[in-house]
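Right, one structure below, let's go through it.
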Amino acid sequence: MIKALLTDIEGTITRISFVKEVLFPYAAARLPEFVKANQQQDAVAEQLNAVKEFIEQPDAPIDTVISTLLKWVADDKKITPLKQLQGLIWQAGYENGDFTGHLYPDAYQFLQQQKLAGQQLYVYSSGSVKAQHLIFQYSDFGDIRPLFTDYFDTKVGAKQEQSSYESIITQLPFDANEVLFLSDVVSELDAAKAAGLNTLHLIRDGQACSVEHNYINDFSQFTAEYLA
Ligand SMILES: CSCCC(=O)C(=O)COP(=O)(O)O
Ligand SMILES: [Mg+2]
């Protein structure tokens, strides 16, 4: 019996185009200036050092670090230091009202209903925990952070890795078979399933079908059978 839901963000409860056409370009446009202006701050310096470590160039100049980060943005790489820096940059965008966090109305209604019904709600996204807090604090439906019990990002590992889900489960008061993972990406669902979690595939365009996982096109199609 399902006691907790673990949800992805982009493509599952949030429109992909909001992330790719609003959030990513906003961060990319401001990243060089942000990094140069804040490179001495601990939170930023830590991520810049992580980039240098990743590219195995401990003495890389700041311009090399910035061009590496921008290449990762262009390639949509889910590499932890990039995702952490994006979260820091998005803060100003949300606070200035440049955008609000997109949430599908059916997803918002679903999350509210499940919370009211007693499910614990958790988030696992490649976006940093800070970015997750921001999208929910400044969501289209206001501050919805109270819906969620806890948040996980790539600090537990990549979303395609079975070990990431095993690590999350060790941090929850539930067994893997009591958790339902929601995502739009088959490789993530495969990894979660291998770790013993239940899975539900969100296929928002309504065209494809899923053979390996239960699937729905939006949360209006969610039924109690997925909680059994
Ligand atoms: C927290 S909103 C930004 C999401 C993001 O940066 C991203 O890469 C999307 O990853 P997800 O795991 O939510 O599909
Ligand atoms: Mg996703």
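The values are calculated or read from the model by the stated rules, or taken from the named source; none is laboratory data. None of these values were measured; they are calculated from a predicted model. We place every Cβ from the backbone using ideal geometry, glycine too, and count neighbours over all the protein chains shown.
Quick notes on this one:
- Gln86 within 16 Å of ligand 2 (Cβ to nearest atom) and under 15 Å from Pro32 (Cα atoms): yes
- Ser187, sole failed condition from (1) in contact with an Asp or Glu (Cβ under 9 Å, 6 or more places away or on another chain); (2) over 18 Å from Ala4 (Cβ atoms): (1)
- Count of the stretch 149-179 residues which are in a loop (DSSP other than H, G, I, E, B) and under 24 Å from Pro81 (Cα atoms): 7
- Residue in the stretch 19-27 that is in contact (Cβ under 8 Å) with a residue 12 or more places away in the chain, among the charged types (D, E, K, R) and farther than 30 Å from Gln114 by Cβ present: no
- Helices (runs of 4 or more DSSP H) within the stretch 1-98 that include 3 or more residues surrounded by 14 or more Cβ atoms within 10 Å (Cβ to Cβ) and either touching a Pro at 6+ places or on another chain (Cβ under 9 Å) or in the same structural domain as Lys159 (by TED's automatic domain parsing) (or both): 42-54, 62-74
- When residues of the stretch 193-219 are limited to those that are in contact (Cβ under 8 Å) with a residue 40 or more places away in the chain and touching a Lys or Arg at 6+ places or on another chain (Cβ under 9 Å), the one farthest from ligand 2 (Cβ to nearest atom): Asp218
- Number of the condition not met by Leu200 [criteria: (1) in contact with a Leu (Cβ under 7 Å, 6 or more places away or on another chain); (2) within 12 Å of ligand 1 (Cβ to nearest atom); (3) not β-branched (Val, Ile, Thr)]: (2)
- One residue alone among Asp42, Asp8, Asp76 is modelled with pLDDT under 95 and either within 16 Å of Asp153 (Cβ to Cβ) or out of contact with any helix residue (DSSP H, G or I) (no Cβ under 7 Å at 6 or more places or on another chain) (or both), and that residue is Asp76.
- The residue that is nearest to Leu5 (Cα to Cα), counting only those in the stretch 150-184 that are among the charged types (D, E, K, R) and away from ligand 2 (no atom under 14 Å from the Cβ), is Glu178.
- Hits in the stretch 4-18 - residues which are of a type in the set (S, T, N, Q) and closer than 30 Å to Gly118 by Cβ: Thr7, Thr12, Thr14
- Count of residues meeting criterion [away from ligand 2 (no atom under 16 Å from the Cβ) and in contact with a helix residue (DSSP H, G or I) (Cβ under 6 Å, 6 or more places away or on another chain)] in the stretch 11-30: 4
- If only residues of the stretch 89-107 that are in contact with a Ser or Thr (Cβ under 8 Å, 6 or more places away or on another chain) and of a type in the set (Phe, Trp, Tyr) are counted, the one that is nearest to ligand 2 (Cβ to nearest atom) is Tyr104.
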